[in-house]
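Before any comments, here is the structure.
The values are calculated or read from the model by the stated rules, or taken from the named source; none is laboratory data. Every value quoted in this text rests on a predicted model; they were computed, and no experiment measured them. Positions of Cβ are generated from backbone atoms using ideal geometry, with glycine treated the same way; all protein chains shown enter the neighbour counts. Accessible surface is based on the protein model in full, side chains and every heavy atom, while ligands, DNA and RNA are left aside. Shrake-Rupley method; radii C 1.70, N 1.55, O 1.52, S 1.80 Å.
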Amino acid sequence: MKVARWLLLLTHIIVVCGFWLWNHIRSPGGSLLSKGAPEVLLATGRLAAVLAVSGILLQLMLIGRVKWLERTFGLDKLIRVHHKNGLLVLGALSAHPILVTAGHAMKERASFWVQLKDFLANWDAVPLAASGWLLLLILGAASLAPVRRHMRYEHWYALHLTAYAAIALAFFHQTRLGRDFTRNQVLTAYWFGLHAFVAVNLIFFRLLRPTLVFWRHRFTIERLERETDDVTSVVIRGRALMDFRIQAGQFMFVRFWMKGFRWQSHPFSMSRQPDGSEIRLSIKSIGDFTAAIPRLAPGTPVLIDGPHGVFTARYCQREKVLMVAAGIGITPIRSLAEELAADGRDVLVLYGNRNEAAIVFHKELDELEATCPNLRVIHILSHDPSWTGEKGHIDAEKISRFASDAAERDVFLCGPPIMMKDVLKALAAMGVPRSTIHWERFSL
Ligand SMILES: Cc1cc2nc3c(=O)[nH]c(=O)nc-3n(C[C@H](O)[C@H](O)[C@H](O)COP(=O)(O)OP(=O)(O)OC[C@H]3O[C@@H](n4cnc5c(N)ncnc54)[C@H](O)[C@@H]3O)c2cc1C
């Protein structure tokens, strides 16, 4: 499956580069590349544009929650590739106007700045494309880690929506001035088809599918349950839930259709194994949206985009499992532990918290342990002097003491980034193969 997806991408790159070579070698008057530096600059500039647009379309597919991609790679990985590919797109986007302006300036024996002014003042579709280009550059710059850290998620997300306008402006520019287009009908058809393919995927997976899912299941909030001081569970009911195919460990983007909530959709993992009658999400208050969760009213409609994620039993290869969670990271682990234990696997859960009051699902985990002899939960508390059990953090010493056979287990991991980093390091030192470690990050 993975190979087929990569082949699709490779084929596209071969097609566009092939067309580009064909166009420049077969152009009237012979190879453009042999006509000197200005033509080489212009041709390279055009290639940069084609690659930049390909990269932007890929960006949309990576972020579009496209099920057939997500099922293979996992949303988490797709989003990480999206971040990296963004840098390549920025590079290609910047190269295009520089190379094309430099090429024309050399041809016209003008300076770079005079040529740029001429493009902006006199060339059809260039000012629009320049605005789109500027929007994409701002977006790219805003996505760089040091800038993004200082932006609210909602502002950063809203800025991302301007990318669609920028792509429309760039598309207009390509069809008017793109030499590869105006000369080659097959490439034009391919390019239009490619844009249509991406648009159809986006519209279906981002808009139509969640609407259809809501239409079919009519999700509403059944009740809220207080788990700890800062964690509230939202129990959701719906029609024909048996047909809503969801696996323990998966997450979904939810939008609560109530005043004050409806403009934001946030990802949350299912915290109990799906039973065909209810879905439970357990949400920790960390910001404005999550702090307002206890105000949600029963009966509120819920739009669900999902389920998503590959943090599921489907990818568990071994009979023995080690699960490591900290804080609210217990949500997918809790539902998955129940499923894997019911499946007869030997499940060991290491669960870290600050103090006893912060343990989410304490009673439920005790009950699960009591009913499943093959499930063991060890609580590890870092700041609770009255705790008589394990103290400290989940570290290499604890893992090797409780799971000296970690290399023979599948490992499922979810918690704060610093804990995940330390645990991954400890597991690597214990010789646990990366292919048997599965993790869910609570940040996209
Ligand atoms: C796959 C996944 C599963 C998750 N499961 C759970 C869970 O079961 N329980 C739980 O309590 N939390 C879960 N989270 C985290 C939860 O989504 C964030 O805590 C929540 O969105 C924060 O929103 P806020 O406005 O209250 O906080 P803010 O302070 O505004 O945001 C804190 C951080 O949360 C992230 N975030 C904020 N808004 C969004 C958004 N709309 N979409 C994506 N990320 C956003 C950003 O990284 C941001 O920096 C999960 C996250 C992911 C990615």
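Available extension along the chain between V114 and I98 is 4.5 nm, counting 0.36 nm per residue and deducting the alpha carbon span.
Here the simple spin-label model places points 7 Å from the Cα toward Cβ, and for A428 and A370 these points are separated by 4.2 nm. For a test of the definition: using alpha carbon positions, the gyration tensor, and the 1.5 limit on a/c, classify the range 313-440 as rounded, prolate or oblate. Here the range 313-440 falls in the oblate category.
Pair-distance distribution of the range 218-308: all C-alpha pairs, bin width 10 Å, starting at 0; shares per bin in whole percent are 17, 57, 24, 1. Between helix 417-429 and the chain, what is the angle of the helix's C-alpha long axis to the longest principal axis, kept within 0 to 90° and rounded to the nearest 10? The angle comes out near 80 degrees.
So how strong a dipole does the chain carry about its Cα centre when Lys and Arg Cβ are +1 and Asp and Glu Cβ are -1, to the nearest 20 debye?
Computed about the Cα centre, the dipole is about 1520 debye.
The base-10 log of I(q)/I(0) for the chain, evaluated at q = 0.07, 0.09, 0.10, 0.13 Å⁻¹, reads -0.46, -0.70, -0.82, -1.15 [Debye formula, identical scatterers on Cα atoms, solvent excluded].
Less than 5 angstrom separates the built amide H of T312 from none of the residues sequence-distant by 5 or more or on a different chain.
Evaluated over the Cα positions of the range 2-209, the convex hull gives a direction-averaged projected area, one quarter of its surface, of 12.8 nm².
N122 to L8: FRET efficiency via 1/(1 + (r/R0)^6), r the Cβ-Cβ distance, R0 30 Å, to the nearest 0.05? Taking R0 as 30 Å, the efficiency between N122 and L8 is 0.15.
For the range 157-262, the convex hull spanned by the alpha carbon atoms encloses 177 Å³ per residue. Heavy-atom accessible area with a 1.4 Å probe sorts L47, L128, largest first, into L128, L47.
Compute the helix-to-body angle for 37-63: its Cα long axis versus the longest principal axis of the chain, expressed 0 to 90° and rounded to tens. The helix 37-63 is inclined about 30 degrees to the chain. Taking the Cα atoms only, what angle lies between the long axis of helix 185-202 and the longest principal axis of the chain, rounded to 10 degrees? Orientation of helix 185-202: about 20 degrees from the principal axis. Ranking G238, P301, I203 by how far each Cα lies toward the positive end of the dipole of the chain (charges on Cβ) leaves I203 at the top. With 31 Å as the limit on Cα-Cα distance, the pairs of K84/K320; K35/K84; K363/K398; K84/K117; K67/K391 that go past it are K84/K320; K35/K84; K84/K117; K67/K391. Charge tally for S382 (other residues, Cβ to Cβ under 15 Å; Lys, Arg +1; Asp, Glu -1): -3.
In plain terms, the chain from A240 to A189 could stretch by 14.1 nm, reckoned as 0.36 nm per residue minus the Cα-Cα distance. Backbone amide hydrogens, once placed in the peptide plane, bring E227 within less than 5 Å of T232, S233, excluding anything fewer than 5 places away on its chain. Amide H to amide H, with H built 1.01 Å from N, H438 comes under 5 Å of V411, F412, L413, counting only residues 5 or more places away or on other chains.
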